[in-house]
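Okay, structure first, notes after.
The values are calculated or read from the model by the stated rules, or taken from the named source; none is laboratory data. Everything numeric in this text was worked out from a predicted model, so none of it was measured. Glycine gets a Cβ as well: all are built from the backbone with ideal geometry, and neighbour counts include every protein chain shown.
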């Protein structure tokens, strides 16, 4: 949530839904509006994340299930990550590559 006010409003909306005053469809729409924006990464930030994780471009690409040339393009500023790749980068930035490893 962006702020305490938005969090409070969201909690109130959940209460209204639970009480039957607001329908579930409206609550789902409200939930979607309250999602935080996904951070956009600069080429420098992408490289910094990869280097912090001590991964080559090829290894980093494998973790993200993309090609090494895509990582190279991001780090050179030729392309920008989008969609699921942005979400994965955000998670790796916060939790590290180990977060993506499933045992």
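For (1) over 19 Å from residue 84 (Cβ atoms); (2) at pLDDT below 95, each residue gets a yes or a no:
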site	(1), (2)
11	yes, yes
48	yes, no
54	yes, no
58	yes, no
70	no, no
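If you scan region 23-38, which residues turn out to be at pLDDT below 90 and outside any helix (DSSP H, G or I)?
Scanning region 23-38 gives 35, 36, 37, 38.
I'm trying to understand the selection: among the residues of region 1-32, which are surrounded by fewer than 11 Cβ atoms within 10 Å (Cβ to Cβ) and closer than 30 Å to residue 98 by Cα?
Result: 2, 3, 32.
Kindly indicate which of 79, 43 is touching a helix residue (DSSP H, G or I) at 6+ places or on another chain (Cβ under 9 Å), surrounded by 11 or more Cβ atoms within 10 Å (Cβ to Cβ) and touching a residue at least 24 places away in the same chain (Cβ under 8 Å).
Every option except 43 fails the conditions.
If I ask for residues that are over 13 Å from the mean Cα position of the chain (by Cα) and either in a helix (DSSP H, G or I) or farther than 17 Å from residue 42 by Cβ (or both), which ones from region 65-95 would you list?
Within region 65-95, 65, 66, 67, 68, 69, 70, 71, 72, 73, 74, 75 meet the criteria.
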